[in-house]
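The values are calculated or read from the model by the stated rules, or taken from the named source; none is laboratory data. Note that the coordinates shown come from a computational prediction; the quantities given were computed from them, not determined experimentally. Virtual Cβ from ideal backbone geometry, glycine too; neighbours counted across all protein chains shown. Areas reflect the complete protein model, heavy atoms only, side chains present, ligands, DNA and RNA absent. Shrake-Rupley method; radii C 1.70, N 1.55, O 1.52, S 1.80 Å.
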Amino acid sequence: MALLQIAEPGQSPDPHKRKLAVGIDLGTTNSLVATVRSGESVTLPDEQGRHTLPSVVRYLAEGGPVVGYDAHAQTVADPFNTIQSVKRLMGRGVTDIKKLGDELPYRFERLDEGMPYLSTAAGVKSPVEISADILRTLQRRAEDSLGGELTGAVITVPAYFDDAQRQATKDAATLAGLKVLRLLSEPTAAAVAYGLDEAAEGVIAVYDLGGGTFDISILRLSKGVFEVMATGGDSALGGDDLDLALANWLVGQLGVARGLGSADARYLTEQARSIKERLTDEPVVEALLAVAGVEKHVCIDRDQFGELIHDLVARTIRACRRALKDAGVSVAQVQDIVMVGGSTRVPQVREAVQQFFGKALRTDIDPDRVVALGAALQADVLAGNKPDSDMLLLDVIPLSLGLEIMGGLVEKLVPRNTAIPVAKAQEFTTYQDGQTAMAIHVLQGERELVDDCRSLARFELRGIPAMAAGAAKIRVTFQVDADGLLNVEAKELSSGVESRIQVKPSYGLSDVEIERMLKESYSFAQDDLVLRNLREQQVDADRLLHSLEQALIEDGPALLTQAEREVLQAAMMQLQEVRAGSDHRAIESGVKALAVASDEFASRRMDASIQRALQGHNIDEIEESR
Amino acid sequence: MDIKQNFFEFYGLPEVFDIDLGLLSQRHLELQKKLHPDRFAHLSDQERRLSAQYTAYLNEGYATLRASLLRAQYLLKLQGIDTHNESSAPMDPVFLMQQMELRERLEDAPQHADPESELAALDKDVEQMMAPLQAEFCSQITIPAEASLHAAAAAVRKMQFLDKLRREIERLEDDLY
């Protein structure tokens with residue numbers, strides 16, 4: 001790990017220095033890290049010049065985890081300790097894992113705890129920890145290559161990831177010690193990479209078939225704004241499934257019995273993947289396979305393969321149709337179709353998409369790298385390196401959010417494809433006389449029945465005053481932030497009893513667990529942790545002080561009285577003093593105090609900025625239209 | 001956060017049903033560029049929190065003004081009539097009969113020889129019934145009289161029925177996918 005940098009006391013680091021920010025594509029099969037260098041987005045290679053990092057982690061009894069190509073080479077020899085496609089397990093419950101069944105040749109543990117843990121030579125690992133190991137490898141690669149500590153990262157997630165899967169991804173970043181500037185949808189990142197330079201206008205579709213997930217997003221582009229109109233997909237459908245369909249066919253051809261061992265299963269899926277890839281360039285592929293004592297030549301042509309994957313491809317086209325309908329646009333209105341993800345190299349996939357949209361497809365940027373490249377462009381803007389940029393990415397939630405009501409039904413509070421951030425409130429009431437508590441069960445999904453939706457969290461609102469059934473009024477508020485993460489708050493209106501939770505998925509990691517893992521993590525000795533806490537608080541303090549200084553220069557004279565300015569400046573001085581010390585808790589409370597002191601100013605600035613945005617035209621136009 | 005303005009004021013638009021949707025969308029993007037949390041990603045937590053609140057209000061306003069039914073409901077709400085949350089209001093019996101017929105058609109749709117086109121056709125019929133109601137609402141709401149306001153509310157209640165039907169059509173379509 002790179003050493004943490006601390007500025008000399010009293011001297012804040014140069015705020016005008018270019019910030020080091022990266023975009024990370026944490027993929028099912030491969031991961032990448034990219035950054036903007038000399039105005040151009042580039043993926044960063046490892047020491048051997050390889051840009052992709054196989055998303056494979058091998059755990060050994062001794063030493064740290066092995067990540068990438070070296071781990072990938074051991075998948076057949078050491079299947080239980082070599083974890084691949086961990087993205088498919090992120091934010092998943094035990095029941096989901098059981099549905100995947102034999103496809104995952106791992107040893108699962110603690111299945112009663114709701115979240116799947118994997119047993120490895122290095123102990124029990126959660127999918128979040130495994131993903132964190134991949135992120136750490138990419139972070140190290142970036143820091144070595146850029147020569148400094150990263151300010152933050154934009155991490156991409158499938159547009160169709162639900163709250164639990166997004167939260168798990170963010171937790172993995174926290175565990176790896178990465179500051180997440182934004183969780184960005186993969187199709188949106190791809191659209192950004194296509195530049196679809198700032199002059200581009202119109203509706204585009206992004207078809208993203210990755211290793212384990214499928215997304216379709218419909219976006220409207222206007223003057224640098226990328227507005228997601230609708231998104232759809234399947235977070236459990238990808239290239240892996242194409243491989244599996246072919247592997248099952250191979251089993252039939254070989255005439256071997258079902259119930260092959262883990263190593264054999266791995267071998268066959270690897271062979272299937274290689275045959276699939278060869279079929280992209282060759283019309284017919286022949287392979288010699290040896291499994292369970294049987295050795296046989298197998299021959300397959302493109303049409304046969306096309307039949308095997310026909311249903312899977314058809315599923316993606318149905319999702320395209322629904323996304324267009326949700327967006328309220330017709331096929332003819334779509335100007336460009338951007339193809340993303342390695343699986344879009346499969347000729348049958350391309351044909352089907354082209355046929356559906358009736359237009360040529362955009363494939364000029366490497367479909368494996370396009371997501372990371374776009375994420376890096378966004379990271380550069382978010383880190384503050386491009387203050388004049390007009391680029392803005394407006395996202396939606398992919399799946400409706402709701403609550404369980406009587407009868408095991410789901411009441412939707414926020415429908416799918418609602419623009420985020422969003423806040424929605426609804427009032428509920430009690431079912432029985434004298435009811436003093438209410439169980440709040442938060443769900444995500446489109447179906448009407450609780451059992452068919454994903455359970456995100458359960459909590460209880462207690463202390464409701466006893467009243468007749470239907471008399472109490474409980475307001476439940478859902479807030480979804482720009483990353484697509486949910487916060488839920490419940491409040492009894494007559495008594496003011498309040499209960500709020502950050503939705504932690506039922507099978508996610510708790511904050512306590514994350515803290516513990518951070519402490520246990522091999523790269524964070526106790527001293528490191530203290531140092532890191534201090535550094536984080538200092539960065540927060542600097543950020544607040546710097547933005548307030550700027551704000552005072554810009555708007556201070558116009559929006560604050562002399563007396564208000566003096567109060568604020570005194571509060572800033574106070575924070576500067578504690579910031580020079582080494583007590584991270586003191587700095588933390590100093591930051592909070594200054595935030596409270598400057599709240600009114602920040603509010604006035606926002607209002608002023610709304611006025612400015614609308615100024616010059618609104619008054620006249622209102623008059624005209626009257 | 002202190003947002004006293006209603007959505008029309010917030011967007012600098014006149015308080016009417018027939019708003020310029022192009023202008024709304026243009027204003028929305030201008031405001032998003034100023035207020036979205038991504039504009040504050042490198043700034044303090046406080047500014048980000050505030051911007052998230054403003055943007056949430058902005059998004060709600062945009063969604064409300066963009067959709068004709070929500071816009072109509074909102075205009076009534078500004079006049080003190082909440083058709084969305086009222087428990088029951090007397091409805092025109094002819095209209096109710098028509099609704100029952102449409103619902104029967106909806107129930108039979110999955111057994112139809114071609115359920116997808118049947119649902120699409122039904123959806124189109126319902127959409128066509130919306131247009132005259134919108135026109136009715138639009139003309140009544142502009143007249144500053146009690147009777148006209150109630151006529152406008154009656155039109156919105158009918159629109160609500162049709163909208164609910166359309167959402168059920170959509171749900172059946174989703175099931176087909």
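Mean partner shielding of peptide A:417-427, defined as the number of other chain Cβ atoms within 10 Å of each residue Cβ, is 4.
With both labels modelled 7 Å from their Cα along Cα-to-Cβ, the residue A:330 to residue A:40 distance reads 4.2 nm. If R0 equals 22 Å, the separation of the Cβ atoms of residue A:462 and residue A:405 corresponds to a calculated FRET efficiency of about 0.70.
For the pair B and A, how large is the buried accessible area, both sides, in square angstrom to the nearest 100, if the probe is 1.4 Å? Before the final figure, lay out the partial values.
On the way: alone 10980 and 28980 Å², together 35710 Å².
So the total buried area for this chain pair works out to about 4200 Å².
Please state the relative contact order of chain A as a whole percent: Cα pairs under 8 Å, 6+ residues apart?
Numbers: 1175 pairs, mean separation 82.2, N = 626.
Value for chain A: 13 percent.
Between amide H atoms placed 1.01 Å from N, distances below 5 Å from residue A:471 occur with A:430, all of them 5 or more places distant or on a separate chain.
Just from its helices, what would the mean residue ellipticity at 222 nm be for chain A, if runs of 4 or more DSSP H residues each count -39500 (n - 2.57) and the sum is divided by every residue, rounded to the nearest 500 deg cm²/dmol?
On the way: 16 runs with 240 residues, N = 626.
Using -39500 (n - 2.57) per qualifying helix, the result is -12500 deg cm²/dmol.
Kindly flag which residue pairs out of A:170/A:592; A:473/B:34; A:412/B:124; A:325/B:158; A:17/A:87 have an alpha-carbon separation exceeding 29 Å in this structure. Walk me through the numbers before you get to the answer.
Numbers: A:170/A:592 23 Å; A:473/B:34 36 Å; A:412/B:124 25 Å; A:325/B:158 24 Å; A:17/A:87 35 Å.
Violating the 29 Å Cα-Cα cut-off are A:473/B:34; A:17/A:87.
Measuring from a point 7 Å past the Cα of residue A:475 along Cα-to-C-beta, which residues in segment A:427-464 have an amide N at less than 13 Å? Residues A:427-428 qualify, since their backbone N sits under 13 Å from the label point. Charges were assigned to the Cβ only: +1 to each Lys and Arg, -1 to each Asp and Glu. The resulting dipole of segment A:542-596 about its Cα centre is roughly 160 debye. Distance between the 7 Å Cα→Cβ label points at residue A:302 and residue B:176: 3.3 nm. Once the Cβ-Cβ distance of residue A:566 and residue B:67 is raised to the sixth power relative to R0 = 60 Å, the FRET efficiency obtained is 0.80. Lys/Arg Cβ at +1, Asp/Glu Cβ at -1, dipole of the protein assembly as shown taken about the Cα centre: which of A:530, A:571, A:211 is farthest positive-ward? Most positive-ward Cα: A:530.
Where in chain A lies the longest segment free of chymotrypsin sites (Phe, Trp or Tyr not before Pro) that are both loop residues by DSSP (not H, G, I, E, B) and have at most 14 other Cβ atoms within 10 Å? Please list the in-between numbers first.
Working: sites that count: A:431, A:522.
It runs A:1-430.
Every helix of 4 or more DSSP H residues in chain B counts as -39500 (n - 2.57), and over all residues that averages to -24000 deg cm²/dmol at 222 nm. Dipole magnitude for segment B:44-139: computed about the Cα centre from +1 point charges on Lys and Arg Cβ and -1 point charges on Asp and Glu Cβ, it is near 640 debye.
The phi torsions of segment A:335-344, fed into the Karplus equation with coefficients 6.51, -1.76 and 1.60 and a -60° offset, translate into couplings of 8, 9, 10, 9, 9, 10, x, x, 6, 7 Hz, rounded to whole numbers, with Gly and Pro shown as x. Shape class of segment A:124-236 from the Cα gyration tensor (axes a ≥ b ≥ c, square roots of the eigenvalues): oblate, since a/c reaches 1.5 or more and a/b does not exceed b/c. Net charge dipole, the protein assembly as shown: roughly 740 debye, given to the nearest 20, about the Cα centre with Cβ charges of +1 for Lys and Arg and -1 for Asp and Glu.
Applying 1/(1 + (r/R0)^6) with R0 = 41 Å to the Cβ-Cβ distance of residue A:426 and residue A:48, what FRET efficiency is obtained, to the nearest 0.05?
Computed FRET efficiency for residue A:426 and residue A:48 comes out at 0.15.
Under the combined filter of DSSP loop state and at most 12 neighbouring Cβ atoms within 10 Å, segment B:33-123 retains these GluC sites (Glu not before Pro): B:86. Close amide H contacts of residue A:213 (hydrogens built in the peptide plane, cut-off under 5 Å, sequence separation of 5 or more or a different chain): A:237, A:239.
Computed from phi, the 3J(HN,Hα) profile of segment A:43-60 under the Karplus parametrisation 6.51, -1.76, 1.60 (θ = phi - 60°) reads 7, 9, x, 7, 4, 8, x, 8, 7, 7, 10, x, 7, 10, 10, 10, 9, 10 Hz, with x in place of Gly and Pro. Of the solvent-accessible surface of the protein assembly as shown, computed with a 1.4 Å probe over protein heavy atoms with every protein chain present, carbon and sulfur atoms account for 49 percent.
For chain B, calculate the relative contact order in percent as a whole number, restricting contacts to Cα pairs under 8 Å that are 6 or more residues apart.
Values: 123 pairs, mean separation 33.7, N = 177.
Taking the mean separation of contacting Cα pairs over the length of chain B, I get 19 percent.
What residue among B:80, B:115, B:69 has its Cα farthest toward the positive end of the dipole of segment B:64-117, where the charges are +1 on Lys, Arg and -1 on Asp, Glu, each on the Cβ? With unit charges placed on the Cβ atoms, the residue in question is B:80.
Amide H to amide H, with H built 1.01 Å from N, residue A:329 comes under 5 Å of no residue 5 or more places away or on another chain. Label-to-label distance, residue A:449 versus residue A:282, with points set 7 angstrom from Cα along the beta-carbon direction: 4.8 nm. Here's the picture: charge each Lys and Arg Cβ at +1 and each Asp and Glu Cβ at -1 in the protein assembly as shown, and of A:438, A:293, A:544 the one pushed furthest to the positive end of that dipole is A:544.
Backbone phi angles across segment A:64-72, fed through the Karplus curve with coefficients 6.51, -1.76 and 1.60 (θ = phi - 60°), yield HN-Hα couplings of x, x, 9, 10, x, 4, 5, 5, 4 Hz in residue order; Gly and Pro are listed as x.
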